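Worksheet: the structure to be examined is printed underneath.
The values are calculated or read from the model by the stated rules, or taken from the named source; none is laboratory data. Here the structure is a predicted model, which is why all the values come from computation and not from measurement. All Cβ positions, glycine included, derive from the backbone under ideal geometry; neighbour counts span all protein chains shown. For the accessible areas, the whole protein counts, side chains as well, though only heavy atoms, and no ligand, DNA or RNA atoms are used. Shrake-Rupley method; radii C 1.70, N 1.55, O 1.52, S 1.80 Å.
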Amino acid sequence: MTTDTYFTELSGALRAAGVPDEQVAATVEDLRGHLAETGAAPEEEFGPAAGFAARLGGLAPVPGEPDGRAESWTWTADLFNDRRMLALHGDQGWEVESLDSLGRFVCRRSTTATLRWEYRREVIGARRRTKVLAELEPEGWELCGEWLVYGYFKRPRAATAGPAGVLEARPDAPHRWLFLSRRGKVALAVWLVLVGGAAAACFIGTLGTGGLAITIALASMFSALLTSHLETAKGRVDQRRSGS
């Protein structure tokens, strides 16, 4: 079976399973890119087209499309722990749709989801944004959220892992929504002490409500800046270690 014939059969089977045309086109494009890199034949890499389509038939709808069957889950983590938790939850089929105004990951997972997702985080300040997008988008990475100077990218694991990127079983949705590292817990404790002290001062009359609001804003800003600085410093250390 030729490559074109394989993908024609795969596309037809996916459409018959109710996968939207734009999702079919994106999936085929990603899989063709994978084959171009590996040099493998499609049937050898993915198995028979009909069987592979059956496993991929539960592709999550394009973000924004209505799907009453989809699970929704919103969670957050600090900058020391976000990539680890994204990898863990992406492996369970959770797709990040966006980051909300509080920096939380807004996720969905179709009840028929069969795809694992992989994520990466990049610094995308004003100067780097165009360069990073130009490098990652051809590899199938899609920007799914931004927080501070960081951009979060996603892509289906099947684009690079083939059949290994298919989710065999869908675990229950986690009951937790907050995932903090040890350093994140320390930063949160310091923030709570500062804000708690300011609230107490406001209560006894030594600090007005305006002062309380300013204290909370400043504590939050410095906490975010400190966390970002520590994570950047940690990344540089890890980079030097990996390069040595």
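Observations on the model:
- Candidates per trypsin sites (Lys or Arg not before Pro) in region 77-134, loop by DSSP, up to 12 other Cβ within 10 Å: Arg127
- Across Asp172, Asp91, Asp21, Asp100, the residue with the most accessible area heads the list, and the full order at a 1.4 Å probe is Asp172, Asp21, Asp91, Asp100.
- The listed residues Tyr119, Tyr152, once ranked by accessible area (1.4 Å probe) with the largest placed first, stand as Tyr119, Tyr152.
- Cα shape, region 104-180, gyration tensor, a/c 1.5 rule: oblate
- Placed amide H near Thr74: partners under 5 Å, 5+ positions off or other chain: Cys107
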